[in-house]
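Engineer: First, the structure itself, so that you have it in front of you.
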Ligand SMILES: C[S@@+](CC[C@H](N)C(=O)[O-])C[C@H]1O[C@@H](n2cnc3c(N)ncnc32)[C@H](O)[C@@H]1O
Ligand code: SF4
């Protein structure tokens, strides 16, 4: 059987730029959809030459705002993917959508094009918060979009951002209850982070708002974990919660350090090289700027800005950084197959034992995992493991 593969497709355009967002997303007056469609298909063909003979398990349209893609473009990408690779019968095809009425109007056509899972960026459920986050939709519009999404797609999820300025633990608890009333099988709940280069970064630096303190944010995280577990959608990753079996399979590919290719501006790929010697992964990154990417693809068939081989210690570090985000942790034998080294032996008893004793890590016969407390302070934990 051919090895499994995920396909990531990046659509870099949004109607407006949200002040917290540092994703590769841009506002443009007119997007030449036909030109973009042709370029995405061309780079997909290049990706199939990079990682041939695989079975595609997942396709993920991320952004930016892929719900602004013409459904015909989405359909063409799906069709070409199926023509280029063997594709699993149960292929998961996710598209990120903004919950405005215009975009909800595309849901039927997107479902027709083959999308079977939608992730909606709801972000907050009250008008002042939505305004603060610079969102173009109201809470009611988001709820209507969610209901429409349920009618058209078998699987749906939505995102919320918490630990916002002025938000108390009690206010978040109440919002979470409302969210659970609206939620289906999956929810992504992110703590607001202030990213360099965003408008929030400058606003925050000049004191325009303050974030909840560390203890309050930690209490919100813990409340989220407990409440979602009690509601049958425990965390399977730091910020992602699902009913058993309803995790996003595409994102699991990243966290389990399995293979994926990326097409579109700024997209990343990581995949075992067929015929490569020893244990290595090919890393690829496409040019970020939308226009530069488009021109490169039209000129040379792909927009690759950088490609390298990941080997040795770098493989170990990447696999740890990804796998410890998951509640299931790292499968020790899969880790050994990918990196060439068994994680417990590689990290060594001296490094692991104090972290296990402190309640941040767990090791059993098959897995190495971070506990909930470990996942809450994953960066600090990784520093201790990788140093
Ligand atoms: C690529 S964006 C979502 C796509 C879609 N354009 C949208 O905004 O609805 C992925 C998600 O990351 C989360 N996110 C982005 N920036 C964030 C930040 N600075 N802090 C917390 N969450 C963030 C948001 O919940 C967002 O929905
Ligand atoms: S959060 Fe979504 S809509 Fe807002 S700028 Fe980022 S990608 Fe675009």
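Engineer: Considering only region 1-20, how many residues are assigned to a loop (DSSP other than H, G, I, E, B) and either surrounded by 19 or more Cβ atoms within 10 Å (Cβ to Cβ) or away from ligand 1 (no atom under 16 Å from the Cβ) (or both)? Spell out how you get there, then give the answer.
Structural biologist: Residues of region 1-20 that are assigned to a loop (DSSP other than H, G, I, E, B), as a first pass: 1-2, 12, 14-20.
Remaining after also requiring either surrounded by 19 or more Cβ atoms within 10 Å (Cβ to Cβ) or away from ligand 1 (no atom under 16 Å from the Cβ) (or both): 1-2, 12, 14, 18, 20.
Adding up the residues that qualify gives 6.
Engineer: Same structure, new question: Quick one: residue 66 ticks every box in (1) closer than 14 Å to residue 266 by Cβ; (2) more than 16 Å from the chain's Cα centre (by Cα); (3) within 12 Å of ligand 1 (Cβ to nearest atom) bar one, so which box is it?
Structural biologist: (2)
Engineer: Looking at residue 323, is it under 21 Å from the mean Cα position of the chain (by Cα) and more than 29 Å from residue 375 (Cβ to Cβ)? So that I can check it myself, show each step before the final result.
Structural biologist: Working: under 21 Å from the mean Cα position of the chain (by Cα): yes; more than 29 Å from residue 375 (Cβ to Cβ): no.
For residue 323, the condition - under 21 Å from the mean Cα position of the chain (by Cα) and more than 29 Å from residue 375 (Cβ to Cβ) - is not met.
Engineer: Within region 51-60, can one find any residue that is within 16 Å of ligand 1 (Cβ to nearest atom) and more than 21 Å from the chain's Cα centre (by Cα)?
Structural biologist: no
Engineer: Quick test of your reading of the structure: residue 233 fulfils all but one of (1) away from ligand 1 (no atom under 16 Å from the Cβ); (2) part of a loop (DSSP other than H, G, I, E, B); (3) touching a residue at least 60 places away in the same chain (Cβ under 8 Å). Name the failing condition by number.
Structural biologist: (3) is the only condition that residue 233 fails.
Engineer: Residue 52: in a loop (DSSP other than H, G, I, E, B), more than 16 Å from ligand 2 (Cβ to nearest atom) and touching a helix residue (DSSP H, G or I) at 6+ places or on another chain (Cβ under 9 Å), yes or no?
Structural biologist: It is true that residue 52 is in a loop (DSSP other than H, G, I, E, B), more than 16 Å from ligand 2 (Cβ to nearest atom) and touching a helix residue (DSSP H, G or I) at 6+ places or on another chain (Cβ under 9 Å).
Engineer: Failed condition for residue 367, given (1) within 22 Å of residue 190 (Cα to Cα); (2) surrounded by 16 or more Cβ atoms within 10 Å (Cβ to Cβ), with all others met?
Structural biologist: Checking residue 367 against (1) within 22 Å of residue 190 (Cα to Cα); (2) surrounded by 16 or more Cβ atoms within 10 Å (Cβ to Cβ), the one that fails is (1).
Engineer: Then there's this: Is it fair to say residue 76 is free of Cβ contacts under 8 Å to residues at least 24 places away in the same chain and either surrounded by fewer than 21 Cβ atoms within 10 Å (Cβ to Cβ) or within 16 Å of ligand 1 (Cβ to nearest atom) (or both)?
Structural biologist: no
Engineer: Looking at 110, 95, 130, 120, which is the one that is buried (at least 18 other Cβ atoms within 10 Å of the Cβ) and away from ligand 2 (no atom under 16 Å from the Cβ)?
Structural biologist: 110
Engineer: Please count how many residues of region 177-227 are out of contact with any helix residue (DSSP H, G or I) (no Cβ under 8 Å at 6 or more places or on another chain), part of a helix (DSSP H, G or I) and surrounded by 16 or more Cβ atoms within 10 Å (Cβ to Cβ).
Structural biologist: So the count comes out to 4.
Engineer: Helices (runs of 4 or more DSSP H) wholly in region 259-364 with at least 1 residues that are in contact (Cβ under 8 Å) with a residue 60 or more places away in the chain and in contact with a strand residue (DSSP E or B) (Cβ under 9 Å, 6 or more places away or on another chain) - which ones?
Structural biologist: The qualifying helices (runs of 4 or more DSSP H) are 290-300, 312-323, 332-339.
Engineer: Contact list please: Cβ distance under 7 Å, first residue in region 147-173 and on the phi > 0 side of the Ramachandran plot, second residue part of a helix (DSSP H, G or I) and modelled with pLDDT of 95 or more, pairs at least six apart or on different chains.
Structural biologist: The qualifying pairs are 163/217; 163/220.
Engineer: How many residues does region 163-188 hold that are within 19 Å of the chain's Cα centre (by Cα) and either more than 15 Å from ligand 2 (Cβ to nearest atom) or farther than 20 Å from residue 134 by Cα (or both)?
Structural biologist: 5
The values are calculated or read from the model by the stated rules, or taken from the named source; none is laboratory data. The structure displayed is predicted, hence computed values, not measured ones. All Cβ positions, even for glycine, are placed from backbone atoms using ideal geometry, and neighbour counts span all protein chains on display.
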